[in-house]
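Trainee: Sharing a structure, written as structure tokens. Questions coming.
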Amino acid sequence: NAGVTQTPKFRVLKTGQSMTLLCAQDMNHEYMYWYRQDPGMGLRLIHYSVGEGTTAKGEVPDGYNVSRLKKQNFLLGLESAAPSQTSVYFCASSLPRYGAKNIQYFGAGTRLSVL
Amino acid sequence: AQKVTQAQTEISVVEKEDVTLDCVYETRDTTYYLFWYKQPPSGELVFLIRRNSFDEQNEISGRYSWNFQKSTSSFNFTITASQVVDSAVYFCALSGNTGTASKLTFGTGTRLQVTL
């Protein structure tokens, strides 16, 4: 019963490098989200998806791209990493809000450092 | 715009003390949901409770209780007889009524330190 699984758990990048964070959920949830957590700022929404093949921007989308090719997976890409993207990234999934089961379940996080 | 304020950055208590974590929110939506999550030192986010805007009943779950008051836009969280295992960062979050996705607006969190 894995829930939401994020890979990798840790990563160190040099400025300008690219990488992809993978999120996988096994709860058959329609909606998936990517957040970043920075000290003193709580979690902020980067991008989200309401279904396979659809994505939308959140509060802080600049510098990130996402893809949802399969219902269970949500990828977050950094094309050219910058030190400002040093953060802890969390993926979450949920059922639709109107389903009254709109609790978001989170992965364990990915700690990314950009040097 | 939605906003969640957790004015208490850090709280330290001695085990067995009661502690209340404050959460004040702002929203223009008439229907909304409020949440509390716990982030222990291991880093994951653990869901604790969800409350919708139509239900102002307080809730108690073991040592945890929640006081939702629409009149003051507050959703406070009380831990009774705190334990060392309660040490964590606690986040209050709000989901509004726009669109179908449950986009959460988080507060900045309150770090609770429970010592022996």
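The values are calculated or read from the model by the stated rules, or taken from the named source; none is laboratory data. Treat the numbers as computed from the prediction; the structure is a model and nothing was measured. Cβ sites come from the backbone with ideal geometry, for glycine too, and all protein chains shown count toward neighbours.
Trainee: Scan region B:72-86 and give yes if some residue there is at pLDDT 95 or above, closer than 22 Å to A:Ala92 by Cα and surrounded by 14 or more Cβ atoms within 10 Å (Cβ to Cβ), otherwise no.
Mentor: No, because not a single residue in region B:72-86 is at pLDDT 95 or above, closer than 22 Å to A:Ala92 by Cα and surrounded by 14 or more Cβ atoms within 10 Å (Cβ to Cβ).
Trainee: In region B:2-16, what residues are in contact with a strand residue (DSSP E or B) (Cβ under 8 Å, 6 or more places away or on another chain), in a loop (DSSP other than H, G, I, E, B) and of a type outside the set (Ser, Thr, Tyr)? It would help to see each step written out before you state the result.
Mentor: Looking only at region B:2-16, we keep the residues that are in contact with a strand residue (DSSP E or B) (Cβ under 8 Å, 6 or more places away or on another chain), and these are B:2-15.
If we keep only those that are in a loop (DSSP other than H, G, I, E, B) as well, we get B:2, B:6-9, B:15.
Within region B:2-16, B:Gln2, B:Gln6, B:Ala7, B:Gln8, B:Glu15 qualify.
Trainee: Give me the strands (runs of 3 or more DSSP E) completely within region B:23-75, filtered to those with at least 2 residues that are touching a strand residue (DSSP E or B) at 6+ places or on another chain (Cβ under 7 Å), ordered by residue number.
Mentor: Values: elements: B:24-26, B:33-39, B:46-52, B:59-61, B:64-69.
Ranges flagged: B:24-26, B:33-39, B:46-52, B:64-69.
Trainee: Please verify whether B:Thr108 is loosely packed, with under 15 Cβ neighbours inside 10 Å, assigned to a loop (DSSP other than H, G, I, E, B) and in contact (Cβ under 8 Å) with a residue 60 or more places away in the chain, treating the condition exactly as stated.
Mentor: Numbers: loosely packed, with under 15 Cβ neighbours inside 10 Å: no; assigned to a loop (DSSP other than H, G, I, E, B): yes; in contact (Cβ under 8 Å) with a residue 60 or more places away in the chain: yes.
Answer is no for this residue.
Trainee: Here's a follow-up. (1) within 14 Å of chain A (Cβ to nearest Cβ); (2) touching a residue at least 24 places away in the same chain (Cβ under 8 Å); (3) not in a strand (DSSP E or B): which one isn't true of B:Ser82, the others all being true?
Mentor: All conditions are met except number (1).
Trainee: Can you name every one of the strands (runs of 3 or more DSSP E) wholly within region A:1-95 that holds 2 or more residues which are free of Cβ contacts under 8 Å to residues at least 24 places away in the same chain?
Mentor: Values: elements: A:4-7, A:10-13, A:19-25, A:31-37, A:43-51, A:54-57, A:65-67, A:73-78, A:87-94.
Per the criteria, A:43-51, A:54-57, A:65-67.
Trainee: Quickly run through region A:96-115 and pick out the residues that are more than 23 Å from B:Tyr32 (Cβ to Cβ) and not in a loop (DSSP other than H, G, I, E, B).
Mentor: Applying the first criterion (more than 23 Å from B:Tyr32 (Cβ to Cβ)) to region A:96-115 yields A:107-115.
Scanning region A:96-115 gives A:Thr110, A:Arg111, A:Leu112, A:Ser113, A:Val114.
Matching residues to (1) touching a His at 6+ places or on another chain (Cβ under 7 Å); (2) within 18 Å of A:Gly3 (Cα to Cα); (3) away from chain B (no Cβ under 14 Å):
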{"position": "A:His47", "(1), (2), (3)": "no, no, no"}
{"position": "A:Asp62", "(1), (2), (3)": "no, no, yes"}
{"position": "A:Lys70", "(1), (2), (3)": "no, yes, yes"}
{"position": "A:Phe74", "(1), (2), (3)": "no, yes, no"}
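Trainee: Which one of these does A:Ala82 not meet: (1) more than 14 Å from chain B (Cβ to nearest Cβ); (2) within 29 Å of B:Thr31 (Cα to Cα); (3) exposed (fewer than 14 other Cβ atoms within 10 Å of the Cβ); (4) not hydroxyl-bearing (Ser, Thr, Tyr)?
Mentor: With respect to (1) more than 14 Å from chain B (Cβ to nearest Cβ); (2) within 29 Å of B:Thr31 (Cα to Cα); (3) exposed (fewer than 14 other Cβ atoms within 10 Å of the Cβ); (4) not hydroxyl-bearing (Ser, Thr, Tyr), A:Ala82 is out only on (2).
Trainee: Confirm whether A:Arg11 is of a type in the set (Lys, Arg), closer than 26 Å to B:Phe35 by Cα and crowded, with 17+ Cβ neighbours inside 10 Å. Break it down into steps so the answer makes sense when it comes.
Mentor: Values: of a type in the set (Lys, Arg): yes; closer than 26 Å to B:Phe35 by Cα: no; crowded, with 17+ Cβ neighbours inside 10 Å: yes.
In short, no.
Trainee: Out of region B:8-29, which residues are at pLDDT below 95 and surrounded by 17 or more Cβ atoms within 10 Å (Cβ to Cβ)?
Mentor: Hit for region B:8-29 is B:Thr27, nothing else.
Trainee: Right, another one. Is it fair to say B:Val46 is within 14 Å of the chain's Cα centre (by Cα) and without any contact (Cβ under 8 Å) to a residue 12 or more places away in the chain? Steps first, please.
Mentor: Working: within 14 Å of the chain's Cα centre (by Cα): yes; without any contact (Cβ under 8 Å) to a residue 12 or more places away in the chain: yes.
Yes; evaluated as a whole, the condition is true for this residue.
Trainee: Let me ask something additional. With the requirement that a residue be in contact (Cβ under 8 Å) with a residue 24 or more places away in the chain and within 14 Å of chain B (Cβ to nearest Cβ), what does region A:103-115 give you?
Mentor: We begin by selecting, within region A:103-115, every residue in contact (Cβ under 8 Å) with a residue 24 or more places away in the chain; these are A:104-115.
Of everything in region A:103-115, those that are in contact (Cβ under 8 Å) with a residue 24 or more places away in the chain and within 14 Å of chain B (Cβ to nearest Cβ) turn out to be A:Gln104, A:Tyr105, A:Phe106, A:Gly107, A:Ala108, A:Gly109, A:Thr110, A:Arg111, A:Leu112.
Trainee: Can you name the residue in region B:30-39 that is in contact with a Ser or Thr (Cβ under 8 Å, 6 or more places away or on another chain) and either more than 11 Å from chain A (Cβ to nearest Cβ) or surrounded by 14 or more Cβ atoms within 10 Å (Cβ to Cβ) (or both) and is also farthest from B:Ser71 (Cα to Cα) among such residues?
Mentor: Filtering region B:30-39 down to residues in contact with a Ser or Thr (Cβ under 8 Å, 6 or more places away or on another chain) leaves B:30-35.
Narrowing further to those that are either more than 11 Å from chain A (Cβ to nearest Cβ) or surrounded by 14 or more Cβ atoms within 10 Å (Cβ to Cβ) (or both): B:30, B:32-35.
Details: B:Thr30: 13, B:Tyr32: 15, B:Tyr33: 15, B:Leu34: 15, B:Phe35: 18 Å.
The extreme case among them is B:Phe35.
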